[in-house]
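Below is one structure; the comments refer to it alone.
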Amino acid sequence: MQSLTSIIRQSLMPKLATIQKESSLKWLKKHLPSETGVNGLHAFCGSGQETFLIGSLLNGAFNLYGIDENQSLIKKAEAAKDVGQWKQIYFLNTNPSTWESEQKFDFVYSRIWKTDLWQQASFLKNTKNNLEKGGKFILELIQFSGFSAYPYHPVYSRSVELIAKIEQSHANNTEKCIDLLQNLGFQIQEINYSPPAFITKMNKDFLSRILATFEEKLLQLRLVTKEELEPLLLELQRYEARADTLISRPGVYQILAST
């Protein structure tokens, strides 16, 4: 049975794909291969929204695989594929950290949460094994502490402070990711930071859900008590619902590496 945290996190994926689309689109357009006949992999593809975006940017004949260990998200991706008639895109329910492909890929794209970085060494190693010699690893790291909002409210400030402490709890910094990649034999080609930007009001109700996904970890690290967290989440939801509130998307570190 899925935990409540897992369910909340799963529900966040489509909204995150929507609000991060603009920054991801620029990064993908810049670094996806332009030649025809490429083989690509989207690791942690979720319900496939970015997979279809990648497919729309590739030229001519190509093969594009999307993999995710969440079976329900893969089922949604497969249903969307059938509706859109994407014959060159394939989805597999498998673990990106252990899946061994029979073929090598020209590029791998993935977006992961910065808070997950400390446990992704096996994924990064497996990604290198699945890439062709000279293949591209197009990576995005979401920094959830990188929010801004208007007008100022202490509940927002406290929420971002707690999220930042989670990101720092396992030395989750971009430098660690660079070290991991280089130790595995990747060559770093480019690093970019896409800063927070205000989003449409219809998408601004997600900061409280992000905080909720970290509830277990916050309590485990004793960064907050349950007595503080529950009313904090309720007040944050009220702040998000206010007509005058503006909230940004998270910042994103974008890394291009090659084998």
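Residues VAL252, VAL160, arranged from fewest to most other Cβ atoms within 10 angstrom of their Cβ, appear as VAL160, VAL252. Using the average count of surrounding beta-carbon atoms within 10 Å as a protection proxy, the listed peptides 24-33, 192-201, 60-69 rank, highest first, as 60-69, 24-33, 192-201.
Strictly over 31 Å apart at the Cα level, which of LYS26/LYS217; LYS15/LYS87; LYS87/LYS125; LYS30/LYS104 would you flag in this model? Checking Cα-Cα distances, LYS26/LYS217 exceed 31 Å. Adding -39500 (n - 2.57) for every DSSP H run of four residues or longer, then dividing by how many residues the chain holds, sets the calculated 222 nm ellipticity at -13500 deg cm²/dmol. Sorted fewest first by neighbouring Cβ atoms within 10 angstrom, ILE54, ILE166 come out as ILE166, ILE54.
With respect to the chain, whose longest principal axis is taken over its alpha-carbon atoms, helix 121-130 is tilted by about 20°.
Listed by Cβ neighbour count within 10 Å, with the fewest neighbours leading, SER72, SER248, SER159 appear as SER72, SER248, SER159.
Reachable aspartates and glutamates from LYS114, Cα under 20 Å, same-chain residues fewer than 8 places away excluded? Cross-link targets: GLU22, GLU50, ASP68, GLU69, GLU140, GLU161, GLU167, GLU175, ASP179, GLU190, GLU215, GLU216. Electrostatic bookkeeping for GLU132 treats Lys and Arg as +1 and Asp and Glu as -1; over the other residues with beta carbon under 12 Å from its beta carbon, the sum is +3. Post the alpha-carbon centroid distance, region 206-259 to region 70-145, in whole angstrom. Cα centroid of region 206-259 versus Cα centroid of region 70-145: 25 Å apart. Relative to the longest principal axis of the Cα atoms of the chain, the long axis of helix 21-31 makes an angle of roughly 30 degrees.
Angle, helix 4-19 long axis vs. longest principal axis of the chain, Cα atoms, 0 to 90°, nearest 10? Computed tilt is about 70 degrees. Taking the empirical scaling 2.2 N^0.38 Å for compact globular proteins as reference, region 4-258 has a Cα radius of gyration ratio of 1.02.
Distance between the 7 Å Cα→Cβ label points at LYS125 and LYS176: 1.7 nm. When the C-alpha to C-alpha distance is required to be over 24 Å, the pairs from LYS21/LYS75; LYS81/LYS204; LYS165/LYS204 that qualify are LYS81/LYS204.
Find the all-direction average of the projected area of the Cα convex hull for region 196-259, expressing the result in square nanometres with one decimal place. Don't skip to the end; give the middle numbers.
Numbers: hull surface 25.8 nm².
Over every viewing direction, the Cα hull of region 196-259 projects on average to 6.5 nm².
With springs only between Cα atoms under 10 Å apart, run a GNM on the chain and tell me which of LEU124, LEU162, LEU219 wobbles the most. Comparing LEU124, LEU162, LEU219 in a Gaussian network model of the chain, the most mobile one is LEU219.
Only the coordinates and a few stated rules stand behind these numbers; no lab work does. As the structure is a computational prediction, the values presented were derived from the model and not from experiment. Every residue, glycine as well, gets a Cβ built from its backbone with ideal geometry; the counts of neighbours run over all protein chains shown.
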